[in-house]
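**Q** Handing you this structure, nothing more for now.
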Amino acid sequence: MEETITFPQVRTCPYRPPHGYTELTAQGPLHRVELYDGKLGWVVTRYAEARALLSDPRLSSNRTDPNFPLISSRGAAAREQPPAFIGMDPPEHGHYRRMTIPEFTVKRMNELRPKIEKITERAAEQLCTAGPSADLVVNYALPIPSLVICEVLGVPYSDHEFFEDASRRMMRSATAEGAGVARRELLEYLDSLVDAAIENPRPGLVSRLANGELARGELPRDYLTGIAVLLLVAGHETTANVITLGTLMLLEHPDQLAEFRANPDVVPGVVEELLRYTSVADTAGARVATADIDIAGQRIRAGEGVLIPNGPANFDPAMFPGPEEFDIHRDSRKHNTFGYGVHQCLGQNLARLELQIALPLLFERFPTLRLGTPATELRPRRADTIQGVDELIVTW
Ligand code: HEM
């Protein structure tokens, strides 16, 4: 009898995918896994098969399908969330995804750049005030994406403290109940934002959709709040954890950090290699098969769950030779960290922009930055969530 493997697995090093996945990648591209609820599914551990399956229309993202694979009870609670296109299939998926495009164009990114720079400067001041030894997560890494999303959605600055607190509780609560309470608070808040925007139109996605698609009857109201919550969830912890783990990795690699500091031209490449290496969203990419699929000598049967974590694909030596080596000169641009296919991350260019601003500015403002806690003492996070560390004490 073949041994069943559990998924997801816990990291031993916070900034690198679990070593158990490396062994699976070496053994083959597809494996049977047992999920927390005892259901069996497939996990895909090589790059080529991961990309082939992520672009295969026979795999569905429909989270309301009773066979959709769940990696924890928290995933089950997320089913109560209002509908959002990350959990839809074409053509419905494309219909709603397209409504958000104006917020993510190159023009919009260029407009956002000075605002992100300002937000980052303010976060650096917050960190400085909290120092000379302080937690990078709450003082720098979380406020940046949180305030950027406020900007994208059109959340007034006066509400940012509530917004940051509720989103942190929604994503970081130890219990499904705590996360559920925060989710409901945020939904109520976003709903009130829709009313406020109808009365007084303002910049941002919520107001644009409220006075456009919603007013024209093309977008149900709960779909609008669903889109807002999706952007908040998808763009917050993910980006924050790349800032945190990226800082940690650079501090752990002083030669490469010195080059990063000295040469702005290497910044985009460093960010791509950090995205590959840290693979923070490696539990994303869950699907359910809607038809039998033959791949790599295996048959995925209709109704079976398929997990396509990006960590193993990002460490597949066939795609990234010597994957264990953190190398800022490697061409990492084809990493799988933003997924692939129709659901490929909508906010990837925004995330890149935030990282390309936040990481250099941190090392410029704090030239003597170092870890306050040895890296070996940092505890990786639970396996079923976005990867990172809950706290990173830095000193300068
Ligand atoms: C480093 C930061 C980020 C990472 C690692 C990341 C990762 C991902 C991944 C892996 C997916 C695909 C999920 C799937 O296939 O089921 C995804 C989708 C998505 N991401 Fe990101 N993301 C990041 C930042 C952002 C930001 C800043 C935003 C927006 C503010 C965002 C918005 C979205 C949305 C809306 C989707 C759903 C796309 C769709 O279903 O069509 N993400 N992201």
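**Q** Check PRO57, PRO83, PRO102 and return the single one that is outside any helix (DSSP H, G or I), under 30 Å from TYR157 (Cα atoms) and out of contact with any His (no Cβ under 9 Å at 6 or more places or on another chain).
**A** Among PRO57, PRO83, PRO102, only PRO83 is outside any helix (DSSP H, G or I), under 30 Å from TYR157 (Cα atoms) and out of contact with any His (no Cβ under 9 Å at 6 or more places or on another chain).
**Q** Here is a further query. Does the range 323-342 contain at least one residue that is crowded, with 21+ Cβ neighbours inside 10 Å and not in a loop (DSSP other than H, G, I, E, B)?
**A** No, the range 323-342 has no match at all.
**Q** Just for the range 24-39: of the residues that are modelled with pLDDT under 95 and farther than 18 Å from ARG299 by Cα, which one is surrounded by the fewest Cβ atoms within 10 Å (Cβ to Cβ)?
**A** GLY38
**Q** Continuing with the same structure: Only residues that are surrounded by fewer than 21 Cβ atoms within 10 Å (Cβ to Cβ) and either polar (S, T, N, Q) or under 21 Å from ALA210 (Cβ atoms) (or both): list them for the range 116-149, please.
**A** Within the range 116-149, GLN126, THR129, SER133, ASN139 qualify.
**Q** Going through the range 346-396 one residue at a time, which ones are touching a helix residue (DSSP H, G or I) at 6+ places or on another chain (Cβ under 8 Å), part of a helix (DSSP H, G or I) and among the β-branched types (Val, Ile, Thr)?
**A** Within the range 346-396, ILE357 is the sole residue that qualifies.
**Q** Only one of (1) more than 16 Å from the ligand (Cβ to nearest atom); (2) at pLDDT below 95; (3) touching a Lys or Arg at 6+ places or on another chain (Cβ under 8 Å) is not met by LEU142, so which one is it?
**A** Unmet condition: (1).
**Q** Here is a list of conditions, (1) surrounded by fewer than 20 Cβ atoms within 10 Å (Cβ to Cβ); (2) within 11 Å of the ligand (Cβ to nearest atom), and TYR157 meets all of them except one; can you say which number that is?
**A** Condition (2) is where TYR157 drops out.
**Q** Between GLU117, GLU121, GLU151, which is touching a residue at least 12 places away in the same chain (Cβ under 8 Å), closer than 19 Å to HIS236 by Cα and within 15 Å of the ligand (Cβ to nearest atom)?
**A** Numbers: GLU117 fails: within 15 Å of the ligand (Cβ to nearest atom); GLU121 fails: within 15 Å of the ligand (Cβ to nearest atom).
The unique qualifying residue is GLU151.
**Q** Yes or no: the range 234-252 includes at least one residue that is at pLDDT 95 or above, surrounded by fewer than 16 Cβ atoms within 10 Å (Cβ to Cβ) and out of contact with any His (no Cβ under 9 Å at 6 or more places or on another chain).
**A** The answer is yes, given that some residue of the range 234-252 is at pLDDT 95 or above, surrounded by fewer than 16 Cβ atoms within 10 Å (Cβ to Cβ) and out of contact with any His (no Cβ under 9 Å at 6 or more places or on another chain).
**Q** Still on this model: Give me the residue from the range 40-61 that is touching a Ser or Thr at 6+ places or on another chain (Cβ under 8 Å) and not charged (D, E, K, R) and, out of that set, nearest to ALA296 (Cα to Cα).
**A** Step by step, filter the range 40-61, then rank; the result is THR45.
**Q** Check GLY341, GLY347 and return the single one that is in contact with a strand residue (DSSP E or B) (Cβ under 9 Å, 6 or more places away or on another chain), modelled with pLDDT of 95 or more, within 9 Å of the ligand (Cβ to nearest atom) and farther than 22 Å from TYR21 by Cα.
**A** Going through GLY341, GLY347 in turn, just one is in contact with a strand residue (DSSP E or B) (Cβ under 9 Å, 6 or more places away or on another chain), modelled with pLDDT of 95 or more, within 9 Å of the ligand (Cβ to nearest atom) and farther than 22 Å from TYR21 by Cα: GLY341.
**Q** On to the next question. Restricting to the range 205-233, count the residues that are surrounded by 15 or more Cβ atoms within 10 Å (Cβ to Cβ) and in contact (Cβ under 8 Å) with a residue 60 or more places away in the chain.
**A** 15
The values are calculated or read from the model by the stated rules, or taken from the named source; none is laboratory data. Because the structure is a prediction, the values reported are computed rather than measured. Don't worry about glycine lacking a Cβ; one is built from the backbone with ideal geometry, like all the others, and counts go over all protein chains shown.
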